[in-house]
Every structure is written in C-alpha cells, then in structure tokens.
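The values are calculated or read from the model by the stated rules, or taken from the named source; none is laboratory data. Since this is a predicted model, take the numbers as computed values, not measurements. Ideal geometry is used to build each Cβ from the backbone, glycine not excepted, and the neighbour counts take in all protein chains shown.
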C-alpha cells in the first residue's frame with residue numbers, strides 16, 4: 001500500500017513515526033511519485049481536480065483539519081473516494097484560547113500591557129468577572145463541549161445551540177430552533193461561535209442577531225469568519241453596541257491591512273491561530289494511525305464525512 005503525505009504538513013518526526021509503525025506501507029512525500037497511492041493525508045486546499053486527476057488509485061483521503069467546506073464532496077463521491085477529517089483534534093487548545101480571549105477583555109490585559117510598555121502605573125477599577133455570568137455557545141460539538149467544560153468552572157450558566165435536543169455535559173440548556181438561538185443571544189454575556197461553516201450557517205449571526213446582544217456582551221469567534229456578518233459586526237463594534245470581539249477567524253484571510261477591524265480598540269485579532277498547540281500534529285497523526293489500521297483491516301473509519309463502505313458500492 002502507498003500513502004501520499006507531505007512531511008512538511010505533519011513535521012518530519014511524525015512522518016518518521018508513521019514509517020516506523022507501518023513498515024509494510026510506503027509513505028511517499030512527492031505527488032509525482034504517487035500515481036498508485038490509495039491513501040492521501042492532506043489539507044482541504046490540496047483537493048483540487050488537477051491533484052485528484054494525478055491519483056487515479058486513490059480510495060481514501062484524511063484531512064489534516066476538521067473543516068471541509070471548501071471540498072467538492074460530490075466530486076469525491078463520483079470518484080469513489082472516502083473522506084475523513086481530524087475532528088476532536090483541536091478542541092482542547094481552542095477551548096483554552098476562548099478562555100484567554102475572554103480574560104484579555106475582562107482583565108484589561110491589552111491596556112495593562114500598553115501601560116507596562118509606557119511605564120505607567122494606573123489602576124483600572126470595575127473589571128468584569130466570568131463568575132455567575134451566562135455563556136451562549138453556538139455549536140455544542142467537541143469544541144463547544146470543551147469550552148463549556150472549562151467555563152463551567154467559573155460557576156457560569158451555559159446555554160448551547162445545536163441541531164438535536166440532547167444536552168451534553170456541562171450545558172444547562174440547549175436550543176435547537178432559530179427562535180431559541182435568538183433567546184440564547186439575548187441572554188448571553190459571552191457569545192461564543194463554535195459551529196461548522198455550511199450553507200445554513202453563513203451569516204447565521206447577522207445584523208439582527210448582533211442587535212440582540214447585550215451592550216456589555218463579548219462575541220468570540222473560533223469557528224469561521226463567514227458565520228458572522230462582518231460588516232454588521234464592525235458597525236456594532238464602532239458604535240459600542242457590544243463590549244468587544246475576540247476573533248480568531250475573519251474573511252477574507254489574511255485580513256487586508258486597510259480593514260477597519262485592525263484599528264478597533266475593542267477587538268482582539270489572532271491569525272486563525274486558536275488551534276495551535278505543541279501537541280496538535282501528534283494528535284492528528286495519532287488519529288490517522290488509528291484510521292490507517294482500520295483501513296488495512298476493512299473496518300469503519302473514525303470521523304467519516306464520506307464513508308468508505310459507501311464508495312465501495
């Protein structure tokens with residue numbers, strides 16, 4: 001069996017770990033030598049028609065990311081290629097990132113850092129607490145659940161929005177309708193976006209829903225920029241209709257230098273970096289190792305987007 005994987009995308013030590021664990025598998029780093037590869041480990045952006053045309057023997061693709069909104073699923077189905085993603089790999093570090101962004105605003109860390117650089121000793125009274133606040137998490141999957149787990153430690157009320165009524169651990173209440181989403185936003189002191197991007201979720205947080213937020217509320221987006229109407233968000237921030245925004249994602253990315261979000265004092269921008277962790281690549285490869293073992297044994301794969309058994313029919 002031959003597997004196509006670029007060591008630069010997973011780090012050389014992880015590439016060497018794969019080679020050691022699967023001595024009967026050939027791991028090929030060069031696409032030009034992979035025409036007979038059955039398995040591909042890559043980023044979603046790699047799945048172009050031109051690249052797939054060069055891999056006629058391909059049976060299964062595993063994505064290095066959880067998001068797959070840019071992937072042409074119908075094309076993969078026509079080619080009879082299974083697809084899995086790296087779901088549940090990024091949830092721990094993203095949850096910690098959300099806590100950091102909230103703390104940045106609540107404890108005025110940006111202001112204090114500026115004061116430190118200017119050697120100014122000045123007290124800021126009346127900072128915000130997470131204690132006994134209400135947190136609304138749009139998306140109650142693995143990332144949303146890890147966020148809820150951490151924020152529950154602050155004695156908060158955790159509201160969630162998801163498709164099903166099942167209440168995951170650490171959530172106090174789940175909403176499943178658009179009306180319920182509106183109520184969640186109205187009640188929340190912290191609105192956290194952790195839902196996948198799809199046709200249904202583009203601008204899910206629109207101008208109307210932003211207007212429902214408390215003036216003292218923060219919005220934290222660690223999902224995808226397109227889920228929030230960015231123009232409406234800028235207006236809300238400029239007019240101080242909400243307290244602030246912690247944005248790991250925007251659109252387009254990278255954000256143009258002239259975009260107004262850069263200059264707003266009530267915005268914290270991080271360059272799609274919430275998933276960063278010293279453990280990230282090891283977790284991705286751990287998942288791929290499990291799935292590659294399953295693939296060799298013709299067992300169902302973990303986190304299937306296009307199930308392998310479907311493409312065999």
Next item on the list: Please specify each residue of the stretch 32-41 satisfying the condition of being over 12 Å from residue 56 (Cα atoms) and modelled with pLDDT under 95.
Entry: 32, 33
Notebook entry, point to check: Which members of the stretch 292-302 meet the condition of being farther than 18 Å from residue 23 by Cβ and buried (at least 17 other Cβ atoms within 10 Å of the Cβ)?
Noted result: 301
Next item on the list: Could you tell me which numbered condition residue 144 fails, if it satisfies all but one of (1) part of a loop (DSSP other than H, G, I, E, B); (2) buried (at least 18 other Cβ atoms within 10 Å of the Cβ)?
Entry: (1)
Item checked: Members of the stretch 202-212 found to be in contact (Cβ under 8 Å) with a residue 60 or more places away in the chain and either in a loop (DSSP other than H, G, I, E, B) or out of contact with any helix residue (DSSP H, G or I) (no Cβ under 8 Å at 6 or more places or on another chain) (or both), listed by number -> 204
Item checked: Hits in the stretch 48-65 (condition: under 19 Å from the mean Cα position of the chain (by Cα) and surrounded by 21 or more Cβ atoms within 10 Å (Cβ to Cβ)) -> 62, 63, 64
Note to self: Among the residues that make up the stretch 225-239, is at least one of them part of a loop (DSSP other than H, G, I, E, B) and either surrounded by 13 or more Cβ atoms within 10 Å (Cβ to Cβ) or modelled with pLDDT of 95 or more (or both)?
What the structure shows: yes
Notebook entry, point to check: Out of all the residues in the stretch 257-300, which are under 22 Å from the mean Cα position of the chain (by Cα), under 21 Å from residue 224 (Cβ atoms) and assigned to a loop (DSSP other than H, G, I, E, B)?
Noted result: 270, 271, 272, 273, 274, 275, 276, 277
Next item on the list: Check residue 287 against each of (1) in contact with a strand residue (DSSP E or B) (Cβ under 9 Å, 6 or more places away or on another chain); (2) surrounded by 13 or more Cβ atoms within 10 Å (Cβ to Cβ); (3) farther than 20 Å from residue 10 by Cα and name the one condition it does not meet.
Entry: (3)
Item checked: Considering residues of the stretch 109-138 that are out of contact with any helix residue (DSSP H, G or I) (no Cβ under 9 Å at 6 or more places or on another chain) and in contact (Cβ under 8 Å) with a residue 12 or more places away in the chain only, the residue farthest from residue 220 (Cα to Cα) -> 112
Check: Within the group 41, 21, 64, which residue is in the same structural domain as residue 77 (by TED's automatic domain parsing), touching a residue at least 60 places away in the same chain (Cβ under 8 Å) and out of contact with any strand residue (DSSP E or B) (no Cβ under 9 Å at 6 or more places or on another chain)?
Finding: 21
Check: Looking at the stretch 179-196, which of its residues are out of contact with any helix residue (DSSP H, G or I) (no Cβ under 8 Å at 6 or more places or on another chain), over 25 Å from residue 238 (Cβ atoms) and part of a loop (DSSP other than H, G, I, E, B)?
Finding: 196
Item checked: Criterion: without any contact (Cβ under 8 Å) to a residue 12 or more places away in the chain, farther than 19 Å from residue 87 by Cα, in the same structural domain as residue 136 (by TED's automatic domain parsing) and out of contact with any helix residue (DSSP H, G or I) (no Cβ under 6 Å at 6 or more places or on another chain) - qualifying residue of 199, 215 -> 199
Notebook entry, point to check: From the residues in the stretch 69-87 that are over 16 Å from residue 44 (Cα atoms) and touching a helix residue (DSSP H, G or I) at 6+ places or on another chain (Cβ under 9 Å), which one is surrounded by the most Cβ atoms within 10 Å (Cβ to Cβ)?
Noted result: 79
Notebook entry, point to check: Identify, please: which residue in the stretch 202-217 is under 22 Å from the mean Cα position of the chain (by Cα) and surrounded by 19 or more Cβ atoms within 10 Å (Cβ to Cβ) and is, among those, farthest from residue 70 (Cα to Cα)?
Noted result: 217
Checklist line | Subset of the stretch 88-103 [assigned to a helix (DSSP H, G or I) and buried (at least 19 other Cβ atoms within 10 Å of the Cβ)] | finding: 91, 92, 93, 94, 95, 97, 98, 101, 102
